[in-house]
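Have a look at the structure below before the remarks.
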Amino acid sequence: MAKRLIPSLNRVLVEKILPPTKTNTGILLPEKVAKLNSGKVIAVGPGARDRAGNLIPVTVKEGDNVLLPEFGGTQVKLGEKEFILYRDEDILGTLHD
C-alpha cells in the first residue's frame, strides 16, 4: 500500500540526495569527499498564517533541489524510504543546474 504524506502548515518533506559511492568505472570514492547536504522536495504544506490571518506560502515547490542544514528536521519513514520533514524557514536555499 502506497502512503502519501501531505505536510501541515509550512512544513516541507524532503528526500536526501545521497552522493555516489563509486564512479561509473567502478572506482570507490572515499567517504570524506566534499559533499553538498542536499535533497529533493517531495511534498509541501499549504503555508503558515501571519497574525492578521493572511496566508504565507511556502517558498519551495515539489521537485525542487534544496540545500539543507547539517542538523535538524524530523525523520519520517514511509514504507522502505526515509524522508526528513523541515520547516520552510529551515531550508537554506534552492539548487539550480
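The values are calculated or read from the model by the stated rules, or taken from the named source; none is laboratory data. Nothing here was measured: the structure is a model prediction, and the numbers come from that model. Every residue, glycine as well, gets a Cβ built from its backbone with ideal geometry; the counts of neighbours run over all protein chains shown. In case anyone asks, the SASA skips ligands and DNA or RNA and just uses the protein heavy atoms, side chains included. Shrake-Rupley method; radii C 1.70, N 1.55, O 1.52, S 1.80 Å.
Summed over region 45-77, residues that are open to solvent by 40 Å² or more (accessible area, probe 1.4 Å), over 14 Å from LEU95 (Cβ atoms) and of a type in the set (A, V, I, L, M, F, W, C) total 4. Looking only at region 43-95, which residues are over 13 Å from the mean Cα position of the chain (by Cα) and more than 20 Å from LEU5 (Cα to Cα)? ARG49, ASP50, ARG51, ALA52, GLY53, ASN54, LEU55, ILE56 - these are the residues of region 43-95 that are over 13 Å from the mean Cα position of the chain (by Cα) and more than 20 Å from LEU5 (Cα to Cα).
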